[in-house]
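Below: the structure, in C-alpha cells.
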Amino acid sequence: MPVIAVVNRKGGSGKSTLAAHLAAWCARQGHAVMLGDVDRQQSTRSWLRRRDPALPGIAPWGIDQKNVLRVPTGITHAVLDTPGGMHGFELARVVMAADAILVPVCHSVFDRDSAAATLEELLALPRVASGRCRLATVGMRIDGRTRAGETLKAWAATTAVPMVSTLRETQLYVKCLERGLTLFDLPAAQVGADMLQWQPILDWLAPVLEPVRPVPAAAPAPLQPQPRVLQPHTPRPVALRPAQDALVHGARLTMLGARPMGKLAVVEEPTLPSAALGVHVPQMLRR
Ligand SMILES: Nc1ncnc2c1ncn2[C@@H]1O[C@H](COP(=O)(O)OP(=O)(O)O)[C@@H](O)[C@H]1O
Ligand SMILES: [Mg+2]
C-alpha cells in the first residue's frame, strides 16, 4: 500500500495543505485513500469534517504519536500529515511506513534552515538513504512578484534532494481549506496556473501511487479463436468506499473523546489479516 508522508520540523510550512491536497488527488483517481493525522492539532482531521460528502471520499485515520492503528481493510492508499518539531524516534517511525516523503519549504531563511535540518535527519535514515523511500521538497507560498522562487530554487540546488515544484501564494488555498475543499475540487478554469504547478509533483509521485504490477507469464495461445466476452463498465466510486464509510460513521473505530496528547482512546474492531486480503501493510503500521 503506497504511503506518502508530509514532513517538516517547522510549523506553518504547508504540511497540512500539501497532505490534504495529496489525499484529495488520490480520491479523485478512484483510490480508497485515508488521511492520517499524526499532528496533535489534527488540522487535516478537522478539514475532513468540513468536506462535502458528495466529493470523492477520504477516510480519516485517527492516529497519534503513540498509537499507530492497523490499516483498516479496503484502504489502498495513505497520506500522513505530521506535526512540526517531529524528529528522532517519531520521525523514524513515520519514515519506516512511508514510500515517499514530501517536505514543503517556504522561502525565508528560517524556513530554509529548518528544512535543511529536516532533510539532513531524513537522509541519515537507512530507508531514505537506500532510496526505498523517495524524498523531495516542494516550494510553498511563493509570491511571483518577488525573487522568493529563485532564492528557494538556488537553496534547493545546494541540497541532495530534488525540489519538484513550487506552489504560488494564493488565497485560493486558504479559502478552499476553510470549506473542506482543495484546488482539485474547483473548476479547471479557475486553477489552470496552479494545476501546472501541481503536475510535476503528481508526476514525481506517480510511480509510488500507481506502482507497475508485474505482468503475469503469458498463457499459451489458444488453438481456436475464443469468443470475446464484453464486460459491463463499472464506474469508479465517487463517494466513500465501504471501509472508509465504516470509519467515517464509526462502525469500525470509535473515538472516545478527544484528548490533546497522550493516548487516543480508540476502540478497534477486529479486522481481517491484511495478508488474507492481498494488501501489503507495512510492518510498523500493524501494531
Ligand atoms: N500556497 C499557499 N498560498 C497561501 N496560503 C497558503 C499556501 N499554502 C499554505 N497556506 C496557508 O499557510 C498556513 C500554514 O499552512 P499549513 O498547511 O497549516 O502548515 P503546517 O501544517 O506546516 O503548519 C495556512 O493558513 C494555509 O492556509
Ligand atoms: Mg499542520
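Every number in this text was worked out from the coordinates using simple rules, so none of it is lab data. Note that the structure is a prediction, hence the values are computed from the model and not measured. Note that we place each Cβ from the backbone using ideal geometry, even for glycine, and neighbour counts take in every protein chain shown.
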* How would you rank 90, 121, going from fewest to most other Cβ atoms within 10 Å of each one's own Cβ? -> 90, 121
* With contacts defined as alpha carbon pairs under 8 Å and 6 or more residues apart, what's the relative contact order of segment 71-179 in percent? -> 25 percent
* Asked: Once amide H atoms are placed 1.01 Å from N in the peptide plane, what residues at a sequence separation of 5 or more from residue 167, or on another chain, have their amide H within under 5 Å of its amide H?
  -> 139, 140, 141, 142
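Per residue Cα convex hull volume for segment 3-209, in cubic angstrom? Please list the in-between numbers first.
Numbers: hull volume 23.3 nm³, N = 207.
Residue-normalised Cα hull volume stands at 112 Å³.
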* Asked: For segment 132-143, in order, what is each residue's ³J(HN,Hα) by Karplus, 6.51 cos²θ - 1.76 cosθ + 1.60 with θ = phi - 60°, in whole Hz (x at glycine and Pro)?
  -> 5, 10, 6, 9, 8, 10, 9, x, 10, 6, 8, 7
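Return a single number: how many Lys pairs in segment 3-209, at a sequence separation of 8 or more or on separate chains, have alpha-carbon atoms below 22 angstrom apart.
On the way: 10/66; 10/153; 15/66; 15/153; 15/175.
Within segment 3-209, the lysine pair count is 5.
Full extension from residue 210 to residue 151: what is 0.36 nm times the residue separation minus their Cα-Cα distance, to one decimal in nm?
Values: separation 59, 0.36 × 59 = 21.24 nm, distance 3.30 nm.
Between residue 210 and residue 151, full extension yields an extra 17.9 nm.
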* Please order 51, 147, 168 by the number of other Cβ within 10 Å, starting at the fewest. => 147, 168, 51
* To do: Would you mind getting me the FRET efficiency between residue 46 and residue 87? Use the beta-carbon distance for r and R0 = 35 Å, nearest 0.05.
  => 0.90
